[in-house]
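What follows is a short report on a single structure.
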Amino acid sequence: MVLSGVRGEKQGFLDFLKGISPKKISVLLHEGADPDAVCSGFAISYLVSKLYGAEATLMAPDGISSSARSFLSELGISVESPNLEGCDLIIVVDTSSLSMLGEAAKLLLDSKVPIVQIDHHSPSPSMESIASFRLLDEESPSTTELVYSLFKISEVQISEKLAQVFVFGIVAESGNLSRLRNSSLYSLCELLQRGGDVEAALNGLKKEMPLDERIARLKSAQRILLKRVGDILIAISHVGSYHSSAARSLLVLGADLAATVAKNKDGLKIAVRASENYISRTGLHVGRDICLPLGKLLGGEGSGHRTVGGIRASCSFSHARSALLSFLEERSNLQDTGE
């Protein structure tokens, strides 16, 4: 069951929880959970604990991102390693595919309790077969805001601390307000009235870029495979780490579409980033039209948002690079004018 968007569907989600009346809940985040995942996970834990008196535990395989870690201690949020024993409900948050869960995916597949998925990415088939209930909204700017909308139709009051958690999630997912949508601004105004502080969130998310990340960005620039399709520039590169940051940096350098590949113990991770110019010219959705089919082509899974996406692949680096180049060139839907 995939529900997205309107009030009745969100009310259906609350009714689903009421039918289970859970007492012990595992809230599962993706590998290297970012602020949107951590904040939405904490908020849904708060909601179910207030509604049903349930014990809710926030869990993430392989830890959390440095950006999320920067404010966890300040807000008193703890995240544990996945352990699904004894729970009567699992809520998977801000996670579109099983491949994003790493070793925790097997725990999820072996579980016999109901599984709920709450997410704002383009959906992946791997979660569809195991989820008892899916609340998906690709139009929501963040999973944090999707969970915030559940509070607005429930009777659970938002505390000052929770308001700040929502603010952190929204600010971070909007690129520290650089990609802020009107709906997000409206939500932030509401949360400010409940004790949220945007300035504190911005200060909390500020961090000096680590040396290793700066090196990864520079190496990705050195290794660019550049393709010109009409007047659109496609850049493909590879790095050992910080592949998402490297992809963002290639857009800053001038690429319209960037993909960076990194190896890990399970295969390849690919970050895809597109400029607004690229999206407006091609009409493509990075998650749905690029990452989802490319993930299948490369023996893995892919998903994402309108301008941001990711792929987990099980193939060689050389095959991934050549497949990326030919696929992205074809999808860009403009006549090639040479390199």
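The values are calculated or read from the model by the stated rules, or taken from the named source; none is laboratory data. Being a predicted model, the structure only gives us computed values, none of them experimental. Note: ideal-geometry Cβ built from the backbone for every residue, glycine included; neighbour counts use all protein chains shown.
Please verify whether region 70-77 includes one or more residues that are part of a strand (DSSP E or B), surrounded by 20 or more Cβ atoms within 10 Å (Cβ to Cβ) and modelled with pLDDT under 90.
Of all residues in region 70-77, those part of a strand (DSSP E or B) come to none.
No, region 70-77 contains no residue that is part of a strand (DSSP E or B), surrounded by 20 or more Cβ atoms within 10 Å (Cβ to Cβ) and modelled with pLDDT under 90.
Name the residue, out of R312, R306, R273, that is on the phi < 0 side of the Ramachandran plot and surrounded by fewer than 20 Cβ atoms within 10 Å (Cβ to Cβ). Step through it out loud before you land on a result.
Details: R312 fails: surrounded by fewer than 20 Cβ atoms within 10 Å (Cβ to Cβ); R273 fails: surrounded by fewer than 20 Cβ atoms within 10 Å (Cβ to Cβ).
Just one listed residue meets the conditions, R306.
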Here the residues within region 109-125 that are touching a residue at least 40 places away in the same chain (Cβ under 8 Å) and crowded, with 21+ Cβ neighbours inside 10 Å are V116, I118, H120, H121, S122, P123, S124
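If we scan region 274-284, do we find a residue that is of a type in the set (A, V, I, L, M, F, W, C), over 26 Å from G175 (Cβ atoms), assigned to a loop (DSSP other than H, G, I, E, B) and at pLDDT 90 or above?
Our first condition is that a residue be of a type in the set (A, V, I, L, M, F, W, C); within region 274-284, this holds for 274, 279, 284.
Right, trim to over 26 Å from G175 (Cβ atoms) and you get none.
Looking through region 274-284, none of the residues is of a type in the set (A, V, I, L, M, F, W, C), over 26 Å from G175 (Cβ atoms), assigned to a loop (DSSP other than H, G, I, E, B) and at pLDDT 90 or above.
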Picking from I25, I20, the residue that is modelled with pLDDT of 95 or more, more than 21 Å from L191 (Cβ to Cβ) and over 19 Å from the mean Cα position of the chain (by Cα) would be I25
**Report entry** Any hit, region 243-251, residues being assigned to a helix (DSSP H, G or I), touching a Gly at 6+ places or on another chain (Cβ under 8 Å) and either free of Cβ contacts under 8 Å to residues at least 40 places away in the same chain or within 24 Å of S97 (Cα to Cα) (or both)
**Finding:** yes
The condition of being of a type in the set (S, T, N, Q), under 25 Å from A271 (Cα atoms) and in contact (Cβ under 8 Å) with a residue 40 or more places away in the chain holds, among S220, S174, S154, only for S220
From the option list P114, P123, single residue qualifying as more than 25 Å from L51 (Cβ to Cβ) and in the same structural domain as S70 (by TED's automatic domain parsing) is P123
Of I44, I91, the only residue that is surrounded by 20 or more Cβ atoms within 10 Å (Cβ to Cβ), among the β-branched types (V, I, T) and more than 25 Å from K269 (Cβ to Cβ) is I44
